[in-house]
Amino acid sequence: MTTANREQWLQNAIAELRPFFDLHSKPLPLAVKVACGLPSNAKRNGAIGECWADTTSSDGSFNVFISPTLDDPMQVIEVLVHELCHATAGAMNHGVNFQRVAESMHLMPIGTGSAPWKSTKGTLNFDKTYGAILKSLGEYPHGAISLSTHKKQGTRMLLAVCPSCNFKIRLTHHWAAKGLPTCGSHDGMGNVCNDNFILA
């Protein structure tokens, strides 16, 4: 199976995974949306997946996000299964309900401290159980992004100069588009420049 985009790949994966949740009497809700997108706490704690409860959306759907830093299909489906476990009844945290369904779906805890289930990976049986699904899904149509190389773009300021007195100012594209101002600088002898700025 070849999919045109990553969201369709993820939706197809959910459809293939539903019977496995049913098998363990932990059915997935009908309304589950999924997208490749940064979890809300990705930069703070490195989260690579997130599930938002149905109570947080206006249409009553669960919303799952898979980090765009991932492009390995096996890791993507491991994270997807983890987040779908949260969408089952009473499992929005990493407590007993979550742990039971996660174990039955062949996940194991790899987190540290008091919340080992906050991070999981597939057990030895994970690949055996879901390998056929991965094969049927084909390549995950996404190239991983690197958060470490992302730089926030600052506001690009334009340089404007008065052609008469060479006085310089900087202004944004927004204000430049409204029209460049008149200079108005003083030469120290009471003379005021009335020329219009031009972009340098």
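In the chain the longest region clear of trypsin sites (Lys or Arg not before Pro) that are loop-assigned by DSSP and have at most 14 other C-beta atoms within 10 Å covers 1-150. Across segment 75-86, rounded Karplus estimates of 3J(HN,Hα) from the backbone phi angles (6.51 cos²θ - 1.76 cosθ + 1.60, θ = phi - 60°) give 5, 4, 6, 4, 5, 4, 4, 4, 5, 5, 4, 5 Hz, Gly and Pro being marked x. Here segment 159-200 and segment 56-120 have alpha carbon centers that stand 58 Å from each other. For the chain, a Gaussian network of Cα nodes joined below 10 Å ranks D71, D127, D59 by mean-square fluctuation, and the top entry is D59. Once divided by 2.2 N^0.38 Å, the Cα radius of gyration of segment 6-147 becomes 0.97.
Amide H contacts of I48: none lie under 5 Å away among residues 5 or more positions distant or on a separate chain (H built 1.01 Å from N in the peptide plane; Pro and chain starts excluded).
Where a number appears in this text, it was derived from the coordinates with a stated rule and is not lab data. Just so we're clear, the structure is a prediction, and the values are computed from it rather than from any experiment. Because the Cβ atoms are built from the backbone with ideal geometry, glycine has one as well, and the counts that use them run over all protein chains shown.
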